[in-house]
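Following: one structure in structure tokens, then a few remarks.
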Amino acid sequence: MRRRRGLIGVDISATRVKLLELDRTGDELRVLAYASEAMPEGAIRNFQILDAEAVARAILRALERSGSRTRDAAIAVSGPSVISKTILMPASLDDAEMEQQIHFDAEHHIPHPIEEVNLDFQVLEPDPDNDQFNRVLLVACRRDNIEMRTAALEMAHMRVQLVDVEEYALQNACALLSDQVEGMSQRHSIAVFDIGADNTRLTIQRDGRSLYTREIRFGGATLDAALLERYDIQDFDTLRARLRAGEISAPETANDVREFADRLAVHIDRALTFYQSASAGGDEPIDHVVLVGGPTLYPGLGEALRQLLPWPVSLGNPLDGMLASAAARRNHVDTDAPSLMVAAGLALRGVV
């Protein structure tokens, strides 16, 4: 997927929309703009936009707060409407011939009529067992999923220039963690867990490549809900503001964080045990676990998981070390950064 200049990454989920714009000067990346807004309840359900106008209003509020003048966007899709698989194609085919062949064989690869999906593909590498064939990544998404997202951005006066898959945006952002974890850019197997509100996505990285991905139906919403109830706070943004201001201390949240860590550790252990027992894992051990996502902002979570898991554990930050604009800092990009993996992966598509 080609990169463009001047793209703002727009990460749309059922709970929030996050906008992030990056720029590069030489070898240095910096944050040009950032903002996040709560998503109206019920606007998105089961990865599908149900109320495009409500989503557009949230995007527009975030865009105005970010101060960005960029209107070209990179977005991502996810959920059961997205299908990705690796297929073999003759190495002699050029891109046009390969596209024609994929459309001809589409019914063998995807369970939806070809007129109902958007298709894309990328040649990965020669097949290690037969150099007459290439391994090709095929991605399909139901057209209505993309159209609803595109419509929401258009109502917010933005233009969709690139559509990615959340899984690949996350993998793209893992390159930003390489300096934070010893061995991540070498032949070590690093398990990155991106903890969202309702789901946690695992990607196993080695040598800068993704070996394995899996989505876990468990996220940080349970911890958020417990703390909102404990402190009689009505919304998530107020909770985070009180945490940033030091009005809620680590000792006060320790029991809730520990209970969440206990449950998260079980899911992490199961996922990595399954990976290592499956053919994908083989005999390769997991060398390190990296946690990203909103719940890592709660004090004590990392330490609790270090005590519960048999692997070295560290907290990741895709924007670590980057300079940020004054507006982005006012919008709390420094504290929100661990939850911006998908947004960062999308924003990277706009820098060269």
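The values are calculated or read from the model by the stated rules, or taken from the named source; none is laboratory data. Nothing here was measured: the structure is a model prediction, and the numbers come from that model. Counting neighbours? That spans all protein chains shown, and the Cβs are built from the backbone with ideal geometry, glycine included. These area figures cover heavy atoms from the full protein model, side chains too; ligands, DNA and RNA do not enter into them. Shrake-Rupley method; radii C 1.70, N 1.55, O 1.52, S 1.80 Å.
At-a-glance table
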| item | result |
| --- | --- |
| Test: residue in the range 86-103 that is in contact with a His (Cβ under 9 Å, 6 or more places away or on another chain) and open to solvent by 60 Å² or more (accessible area, probe 1.4 Å) | no |
| Only one of E259, E252 that is open to solvent by 30 Å² or more (accessible area, probe 1.4 Å) and either over 19 Å from G293 (Cα atoms) or assigned to a loop (DSSP other than H, G, I, E, B) (or both) | E252 |
| Every residue from the range 283-326 that is part of a loop (DSSP other than H, G, I, E, B), of a type outside the set (V, I, T) and open to solvent by less than 40 Å² (accessible area, probe 1.4 Å) | Y298, L309, W311, G316, N317, P318, L319, M322, S325 |
| Within the range 235-249, considering residues that are closer than 19 Å to A337 by Cβ and of a type in the set (A, V, I, L, M), the one least open to solvent (accessible area, probe 1.4 Å) | L239 |
| The one condition in (1) modelled with pLDDT of 95 or more; (2) farther than 22 Å from T200 by Cα; (3) open to solvent by less than 30 Å² (accessible area, probe 1.4 Å) that R330 fails to fulfil | (3) |
| Which numbered condition A156 misses (of (1) open to solvent by 30 Å² or more (accessible area, probe 1.4 Å); (2) out of contact with any strand residue (DSSP E or B) (no Cβ under 8 Å at 6 or more places or on another chain); (3) of a type in the set (A, V, I, L, M, F, W, C); (4) under 30 Å from E64 (Cα atoms)) | (1) |
| Subset of the range 86-131 that is in a strand (DSSP E or B) and under 19 Å from E147 (Cα atoms) - its residue that is modelled with the lowest pLDDT | L119 |
| From the options D232, D198, residue that is open to solvent by 40 Å² or more (accessible area, probe 1.4 Å), among the acidic types (D, E) and more than 30 Å from T86 (Cα to Cα) | D232 |
